[in-house]
Structure formats: structure tokens, C-alpha cells
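Chemist: The structure is given below, and queries will be raised subsequently.
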């Protein structure tokens, strides 16, 4: 008898993808002044919709709307603001399946993740910050916490709606209004979110969404009418933003790249460590800034661990992201796929050994099989640069000191993982790692109450929890 | 009545716990507000800046991992030693202000050290948190120092402004490289002597005298500096240039005229580290 | 059989048999096994539980699950009539549908073995007997071995023994081990399933250690529970034991079977267990020779789901037999 999983595709009938999407400014959908661009399903390369390309004038209009709305929104009682956010959280829960399917269609990530991770966390994030809106004076930011004004927010394509929630929820709770630009390749759930704002009866102008490419984001960040810049994305763009805001009064938070070390000691809970390593690098196709892209394994258990790891990675099911049994979805864009391929070739050329999971890649769409490089050295590009794909670089160490030294030997400092059954070792290693999030005996965990953000070139500021309010409040003496 | 000629102090730099002259062997004249010559101060070069960063980086590991209690006692000790030299500081500061103003500033500076000394073991309580995540994990966030912080002192608060800048950074375990005001550097030189005799490990505080516009660009672009305090940069064009250049490695930047002090200023040089661990057996 | 997701790991053959003659050495070996993180283990089990088993997969899974059942009655009030009725159900689970596979075995108390053998006749269905002072295991070794001997002489094909949890919690691992060895010897040709009673071992670390101890002692199967203690089988504890089976195979080349028992009542549950087996051990273990369900009410739910697949309409309890 056999037991092979049959196709189990999630129905797309719950979503209506429109042919055209427009900006959401001052509570209404309105056409832009710079034409449109196409957005596709990266798993099939099928056209999904046309989306407005945001111009400087569009951005200007959105910023004006946000400025106009700021007066009332910031003067509204915290409890009333909070109720709007609670409403939004509830509508997200009500429309969760629709959001999950649309996210998967536009992003390429598996429905299992959008359904079980992304969308539940989005609702949770709004729920958490909703409760802060009338408790700002208890947040420890001084006696009279005040909003900054208009926040310009630019988010990436890897967790489109989740990153939107990380940006919008704390901003609104603190009394700011926002102009948000979703990523060029994944604008659709942000525009569905705009509909949710309408359903929630959110006052016009409190949330404005302008779609477009990098130039739209640049126009937003450089706009003189904003008081706050929040960006999640690459370190390269983060640097440009930090330069662009120099000399202004704009408060900035940047959540940038990473090259996290996942350190496995020889006394680790092996099976859970294997899961953690797999989840660390193959969750969301490795399109995760905090991905555990560098595996550091203690030499004394290397062979056994790698044998288990290869076997486990071979069980990952790659394919149709809408199939409920798919573990690995599509790469988000042709450009990202090209970058992953380029860095992988650099891995070969630098002398690392490439292992690729035995899975068939679909003919259409952007795909990259789970890949593990061994015999990687600290000096290899794949040990230093963020690949942002399903590619793991494996290195070894002999002692805890060596593990810490190698882990910290990076310009990034976003996250890290530690696997050991020894409590004292966890605490010492965790305190020695220069990283903003340390997962001990777990990896890639997120929660709205838990601050997230990096050290060094991984950016500054924190999102989540009490700490996540600070970037949206005036902090005085 | 025998006359004894004053033995004048050579105003030197303070790098890694030592008092070198500038490697450039240059100095500059320091005058009081009436224009009277006071001293030749060492004129730090970019290489002195570089050496100071190396010293600060070397000191970071031990200082940041010292216990909060220990850091608090060391900082309190600075206040004690300053108190003993109170008259000297008043005399020095009054070169650019009245005796009354100088007295207020010096007393405030001493009190500032005491205030900050008491913060070391409270920062984690006040700025940290235990986060009730929705899964079976123990999750906490703690503040950690950013690393090496470079700063440029205000000229119109030659002692208090400098103390605020240094203390707000080292209280949490950062190490600093500060450039004293070129107009009013002598209290900074004396502060270095206080720090050198106060159990502050060498390299935790490095004090340079010289021209910010000469040294600052090198510190702003330095890839091993994690934060930059531009409070004393009066030239707004220079400030913008320094902020731009600081973006190269995403330094945490305190802009001029931000007027942060106390806990808000301390937070400028803090990172939040969040640690997750499962619960269960 | 497709091998697209076959994750059989090769036998590495590096296993050094530990010293099995002193409690100190046994303890050292068991405590040298990797630890288990509860949250991560349960998360992985839950994640595999989200696999969507539909259409052809569900049809295959249902028949596979039926064929893996140790149809069980372990009541103080068991009678010959009850056992006969159970055996009839084992031979012909759905009287209306001859395509339904037979179950793997019936599982009864030792004194019922003869009645079961008689009722099953020539049907290719094994009789499994619980033994060793089941379920508590609180009797002298002499009595336990006699218990096994009785069942074997009555014709039991399989013996489901319980380990001595008291000895385990006293740290007398060697005693636990030696008891299994002794039982195995009395079993002769009968297959030995070793029940760890994970609900009394309490920690996952204990479960991994006990799994290894049982496999080293000669268990043909390791089994979660008696069904008399809660919690009985859970996906997490089953996953952990499957991982132990996998590691034992990788290191020694010996293939061991696995039997979760107790608390598995629905088709949905059964499918989750099959997923655990498939993705942990690979397709090789998807056979009644190497995987069993210790269950009673599960069978009727599988039958109702099977009827739903063939008729397209949901079935009801009146359309399956209560035996």
C-alpha cells in the first residue's frame, strides 16, 4: 500500500483580484499621475493586476492627507484610537483566509505560512498595539508622550502584510498618521488592507498607501512633510536613507539585513536543532532578514548532524505555494532569483561544496531548490553577504569562544541561534552575541510583544512590544 | 618670602589610559575669554583619533561585561576624585565664565557623575522587559551598550557638557572617544587626569583636544565606531556631512541641538537584545 | 512505490554497543543520548499534523490504517463473547464491504488468547497478549515471566509487555533492561512489543532513553502506552519514539516497529500518525509489520470515513458495527 499526498490546493475563490489597483489616499482609492506597472504571481509568472506607479505628486498628496488627518487623529483620545485598531485586528481575523490566499498569490510563499504565521501575527500585532493607544504614559517614555506627526514607511516584499502591521500598528497607536509604500512586487495585500481601513471606518488620511517602485519610496522618505522614517529592507537602501535624512529632524528606524549564525553545540537537542536549522534558513524560502543563514556546528558532532540535516531537507516539499502541503514556495522575483544564483555560484567558485535537495522545480515561475554549502570559510562571500534565499552556509567550530567569535565576525547583528542543553552556556553565549534577537533552542519566532531589531549594520530601533512605541513618540528628557 | 615658579602642566591627550602627546607633535594655543594665553594643548590628529578608537574598542569587552555594581562604583569614584579637585576645576572653567557660573557648573558636573553612577544597575530594570509571548517561551529584552561612541563636546559647557556626554555613554558599558572643545579644552584635560586616577579602566574614556572639523570626519567614517554624538558640532554643514558619513556603517547618530540628556541620552547608545527560550521538560 | 519523499537514511554502522552489564554503564549510555526540547518536539509534531490528506491519499491512508490496527479490548469485564465479537470485527471490519482490509491483530489479556485464536481460526490476524502484570507491571519478575509464558503457550503471536516504571524512576535501568531481555527469551518466536507507558515516564528525555533501552534489550516494537494512563499516545511522544527508531536503525542497522496506543480515535488522528511515520522514517515503515495502532473505537471512524469516500455522503454510527 502507498501513502502519497494528493494535491491539496487552497481555493482562490475567496479572493477577487481586481484588474487595476489605485493608491489609497485620504480614505479613497485614487488614480496616480505616473501610470501603472504589472504585478505577477511569482510561482507561475501569471499576470495578476495593474498597480499605480506612485509619483512625487502622488506622494505629496498622500503626505498632505496624512498631515491634515494628524490634527484630529493625534487629538483623539487614546481609547478611541485604540478602538479603531481593535476593529482592524478583528476584520483581519474575519478576512484571514482571503488575506492569506492573496498574500500567497502575490508573494509566492506557501499558504501554510501565510495561513499559520503571517496573517495570525498581523492580527496579533494590531491587537497588541490597540491596547497601547490609551496607555502611552505607562510606556516609560516620559510623562507626556506625544506623537511625532506623519510617518513615511517603506516595507519589503518578504512579509508584505506582516511588515505593514509592524509599521502601521505602533504608529497609529502613538497618534501618528502614515503614508506607507509597499514593496514593488507585493502591493496587493496592502491595498486589501486599505479596504479593511474603510470597513473599520478609519478617519480618512490616517492611513495612506502609495504603491510604486524604489523611486516612490525615495520620494516619500525625502519628502519634507514627514517627521518619521521607518524602513525595512536591505542594508544598502538603509544606508541611502540614513544619508538622505541627514540634517533633518526626521526620526529614523531601520530594520536591515542580517547574516545570522545558528550555533549548534554537541550537547544540543539534536532533532529540535535540525528543525530549527531547517526553519531558520528555509522558512519563507530564506527570504528572511533574520534567517539563520550561517550554520556553525561543533566539529565533534558534525558528521551525524549533517547526515540528519540532509535527510530532513530532502523531505521538504517544494512546489505550488497554494498547496497546503507545500513547505517551500517560489522565489519572489526574477531579480531575487538571479541574486541567489549569483551568490551560489560565488560559493562554488570560492571553493565551498554545494549540496542540493532532490526536488523537481516547476517549469514556470521563479524557483530555487534548498541548498547547503559545506566547507565554507569565513572569507567566502556566502559566509558574509546576505543571500536572502534558501541557501545555508555551514561552518564548524571547536570551542564556545570560537563559535562566538565567528558568529560576531560580521558587519550585521540582527539575530542568532544557540542550541545546547546547558543553561549556563546559553546565557553566556546569548550575552556575548552582538545581535538584537537571540533564539536559544528555537529559531524564527516572532511575537507582537517581543522587540525585534538589530545591532550594527542591521539597523537601529526596535519594533514590537513597549520598545516598539519609542520610535513613534517624542522622547524628551 | 621665597618665590617659587609655577610648574605648568603640559596639556596632553588621554588615550588608552595613558597621556601621550599628539603623534603629530602639534599643539594649539588656548586662551581665556579675555584672550590671555593659558596653555598649549596637544593638537590631536586623525591618527590620534584612530588610536583612540583602537583603545576604546579594546576596552569595550571588559567594561561592558563588568558588573553594573562595579561600573557604578567606578563612576562614583570619578565624582569623589573630582570633588577633591573642585577648586582646580572652578578655576579652569572660570577662564570662560564668572566664578559663580563656574562653581555652579563644576558642582553640577560632580553631581552628574553621582547621578549616573546610580543608574548602572537600574537601566536594565527600567529599559528592559519580560515579554509575554503567545507561545511557551521565556522571553526577555535587555539593554546592551552599542559599542564605541565618538563625541564632540560643546564649547559653552566645557565640563558639564563633557561629563554628560561621557557618562551617558559609559554608564551602560560603552566606551568613548571624545573631542573636547577647541576653545575650552583645559577642563577636559583635567577631567582626563581625574578619570585616570579613578579606577576607570584604560581605554574606556579617551579624550582628545584639537579641532573637531579635523578629526570628526575620520571618526564619522570610521567603520569600528558604533555611535556618534554630534552635540558639540556647531557648524550645521559639517554636522550634515558627518551624519551622512556615519551612514556608511549605520552609526547611531545624536544630532546637534537635540538637547537630550539623562535617560533619553543614555538610550541613544543602547541596543535592545531579546532572548527567547522554550519552557518545558 | 514513489521515492520522491523517501527519506530513509543510510545505516552509518558506527554504533558501539554500550556496556550492558552494569547499572552505572547503562545510566551513562542513556544519559549520553541527545536531550529533547519539549516545545520544539511538540511544534514539529503539530506542524506535521497540518498536512492535508485528501482524495487518493486519504483512501490509501484509511486502508493502511485499518490494516495496522491492533484491535483491542482490555477490560476487567472482558468475556469470551466480547472477544469472539471483536475477532469477527477484525476479520470483517465492514460487513457490507468486502474490500475493507482486515486488521493486523487483536489485542487481549493473556487468559483470552485461546479464545481469540479459536475465534480467528485461519485468518491471517495475529493475537497479541498484554503481559507482565499489565498495566502496572507491579509483580515479581517470576510472576511476570509466567504471565508471558502462559500467553505464549496459549498461542499468542505477539506479547505486549510493560516496563517496570518503578525501577525506572529509582534509576535501576539495568533491572528494567534485564527484565525485557528475560521476557524476550520467554517469548520465543512471539514478537515482543515493549510498552514504555510514556504517561508515567513524564519527561521526553525519559522517553528517548527508555526507547533506546527497550530496543537494545531486544524489543521488536516499542509502544507508547497501556491505554490505562493519561496521557496515552500523543503525536509528539510518537514522533520522538519514531526518531529513536530511526536513530537506532541508522546506527545499528536493526529495524524496529512502533505502536502508538490509546487515545487515537479519529481518522484525522490516524492520518496524522501516518504522516509522522512517512516523514520521519520513510515509506519503508508504512506497513503493519512495522507500525501499528493500538485502538478500538478508531476502526469505526475509519470505516465511516471510508464509506464517505465511496458514497460521497457522510456516514453515521448506525452504519458501522458496535462489537
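Chemist: For the range B:44-278, what relative contact order do you get, as a whole percent, if you take Cα pairs closer than 8 Å and at least 6 residues apart? Write out the running numbers ahead of the final one.
Modeler: Details: 449 pairs, mean separation 63.9, N = 235.
Relative contact order, the range B:44-278: 27 percent.
Chemist: Please rank B:211, B:69, fewest neighbouring Cβ atoms within 10 Å first, as an exposure proxy.
Modeler: By the 10 Å Cβ count, ascending: B:69, B:211.
Chemist: Right, something else. Translational D (Stokes-Einstein, µm²/s) of the range B:1-80 at 25 °C and 0.890 mPa s when Rh comes from the Kirkwood sum over C-alpha pairs?
Modeler: Values: Rh = 15.7 Å.
Calculated translational D: 156 µm²/s.
Chemist: In 10 Å bins starting at 0, how do the alpha-carbon pair distances of chain A split up by percent?
Modeler: With 10 Å bins starting at 0, P(r) equals 4, 21, 30, 26, 14, 4, 0, 0.
Chemist: Just counting partner chain Cβ atoms within 10 Å, what average do the residues of peptide C:272-281 show around their Cβ?
Modeler: If you average over the peptide's residues, the count of other-chain Cβ atoms is 2.
Chemist: Now for a different question. Quickly work out the residue C:228-to-residue C:50 label distance, labels modelled 7 Å from Cα along the C-beta direction, and quote it in nm with one decimal.
Modeler: Between residue C:50 and residue C:228, the simple spin-label model gives 3.9 nm.
Chemist: Here is a follow-up. Over every pair of different alpha-carbon atoms in the protein assembly as shown, take the mean of 1/r and invert it; report that Kirkwood radius in Å.
Modeler: On the way: mean 1/r = 0.0309 Å⁻¹.
About 32.4 Å, per the Kirkwood formula over Cα pairs.
Chemist: What percentages make up the Cα-Cα pair-distance distribution of the range A:123-170 when the bins are 10 Å wide from 0?
Modeler: For the range A:123-170, the binned pair fractions read 23, 45, 28, 4 percent.
Chemist: So what is Rg over Rh here for chain B, counting just Cα atoms and using Kirkwood for Rh?
Modeler: Rg/Rh for chain B comes to 1.01.
Chemist: Can you tell me how much longer the chain between residue A:401 and residue A:427 gets when fully stretched, taken as 0.36 nm per residue apart minus their C-alpha distance, in nm with one decimal?
Modeler: 8.0 nm
Chemist: Here is a follow-up. Would you calculate a helix-derived [θ] at 222 nm for chain C, using -39,500 (n - 2.57) for each DSSP H run of n ≥ 4 and dividing by the full residue count, to the nearest 500?
Modeler: Numbers: 13 runs with 150 residues, N = 323.
Computed mean residue ellipticity for chain C: -14500 deg cm²/dmol.
Chemist: Debye calculation, C-alpha points only, no solvent: report log10 I(q)/I(0) for the range C:29-310 at q = 0.07, 0.08, 0.10 Å⁻¹, in the same order as the q values.
Modeler: Debye intensities relative to I(0), on a log10 scale: -0.23, -0.30, -0.48.
Chemist: With each label point set 7 Å from Cα along the Cα-Cβ vector, what nm distance links residue A:360 and residue C:266?
Modeler: Result for the modelled spin labels: 3.4 nm.
Chemist: DSSP beta bridges in the protein assembly as shown, what fraction antiparallel, as a percent rounded to 5?
Modeler: Of those bridges, close to 30 percent are antiparallel.
Chemist: At a threshold of 8 angstrom on Cα-Cα distance, excluding pairs fewer than six apart, so keeping six or more, what relative contact order does the range B:1-126 reach in percent?
Modeler: Relative contact order here is 20 percent.
Chemist: Still on this structure, please answer the following. In deg cm²/dmol, rounded to 500, what helix-only [θ] at 222 nm does chain A give when every DSSP H run of at least 4 residues adds -39500 (n - 2.57) and the total is split over its residues? Walk me through the intermediate numbers first.
Modeler: Details: 14 runs with 173 residues, N = 477.
That comes out to -11500 deg cm²/dmol.
Chemist: Here's something else I'd like to know. Once you have the Kirkwood Rh of the range A:261-447 from its Cα pairs, apply Stokes-Einstein at 25 °C and 0.890 mPa s and quote D in µm²/s.
Modeler: Result for D is 149 µm²/s.
Chemist: Separate question: Within 10 Å of each Cβ of A:434-446, how many other protein chain Cβ atoms are there on average?
Modeler: 6
Chemist: Using only Cα atoms, locate the centre of the range C:123-159 and the centre of the range C:252-316, then give the distance between them in Å, rounded to an integer.
Modeler: Centre-to-centre distance over Cα atoms comes out at 25 Å.
Chemist: Further, regarding this structure: Among bridges DSSP assigns within chain A, what percent are antiparallel (round to 5)?
Modeler: Of all bridge pairs located within chain A, approximately 35 percent are antiparallel.
Chemist: What list do you get for A:380, A:50 if you sort them by fewest beta carbons within 10 Å? Show your work: numbers first, answer last.
Modeler: Details: A:380 20, A:50 16.
Exposure proxy ranking, most exposed first: A:50, A:380.
Chemist: Order by neighbour count: B:19, C:248, fewest other Cβ atoms within 10 Å first, most last.
Modeler: Arranged by neighbour count, lowest to highest, B:19, C:248 become B:19, C:248.
Chemist: Report, for the range B:44-278, the % of DSSP beta bridges that are antiparallel, rounded to 5.
Modeler: About 40 percent, rounded to the nearest 5.
Chemist: Average partner chain C-beta neighbours within 10 Å, per residue of A:160-172?
Modeler: Partner-chain Cβ atoms within 10 Å, mean over residues of A:160-172: 0.
Chemist: Something else now. Mind pulling the per residue volume of the convex hull built on the Cα atoms of the range A:178-228? Å³ is fine.
Modeler: So the per-residue Cα hull volume is 68 Å³.
Chemist: Still on this structure: Taking only Cα atoms, what is the 0 to 90° angle, nearest 10, from helix A:78-94's long axis to the longest principal axis of chain A?
Modeler: Approximately 50 degrees, to the nearest ten.
Chemist: So, one more: Against the longest alpha carbon principal axis of chain A, how many degrees, from 0 to 90 and to the nearest 10, is the axis of helix A:270-282 turned?
Modeler: Here the helix axis deviates by roughly 50 degrees.
Chemist: Taking only C-alpha pairs under 8 Å that are 6+ residues apart, what is the relative contact order of chain A in percent?
Modeler: Working: 1123 pairs, mean separation 87.5, N = 477.
After rounding, I find 18 percent.
Chemist: Relative to a virtual label point 7 Å from the Cα of residue A:307 in the Cα→beta-carbon direction, which members of the range C:22-43 show backbone nitrogen distances below 17 Å?
Modeler: C:33-34
Chemist: If you don't mind, there's one more thing I want to ask. Based on the Cβ-Cβ distance of residue A:146 and residue C:23, what FRET efficiency does E = 1/(1 + (r/R0)^6) give at R0 = 56 Å, to the nearest 0.05?
Modeler: Step by step, r from the Cβ atoms, then E = 0.20.
Chemist: Between residue A:236 and residue B:224, what is the label-point separation in nm under the 7 Å Cα-to-beta-carbon projection?
Modeler: 2.8
Chemist: What is the Rg over Rh value, at two decimals, for the range A:208-310, using alpha-carbon atoms and the Kirkwood definition of Rh?
Modeler: Rg/Rh: 1.20.
Chemist: Please give the Cα centre distance for the range B:1-63 versus the range A:127-146, rounded to the nearest Å.
Modeler: Each part's Cα centre sits 47 Å from the other's.
Chemist: Follow-up question, since we're still on this one. Tell me, how many Å apart are the Cα centres for the range A:179-201 and for the range A:272-329?
Modeler: So the separation of the two Cα centres works out to 32 Å.
Chemist: If the viscosity is 0.890 mPa s and the temperature 25 °C, what translational diffusion coefficient in µm²/s does Stokes-Einstein give for the range B:1-152 when Rh comes from Kirkwood over Cα pairs?
Modeler: Value of D from the Cα-based Kirkwood radius: 127 µm²/s.
Throughout, read-outs are computed from the coordinates displayed, never taken from laboratory work. Quick caveat: nothing in here was measured; it's all calculated off a predicted structure. Cβ coordinates were reconstructed from backbone atoms using ideal geometry, including for glycine residues, and neighbour counts include every protein chain displayed.
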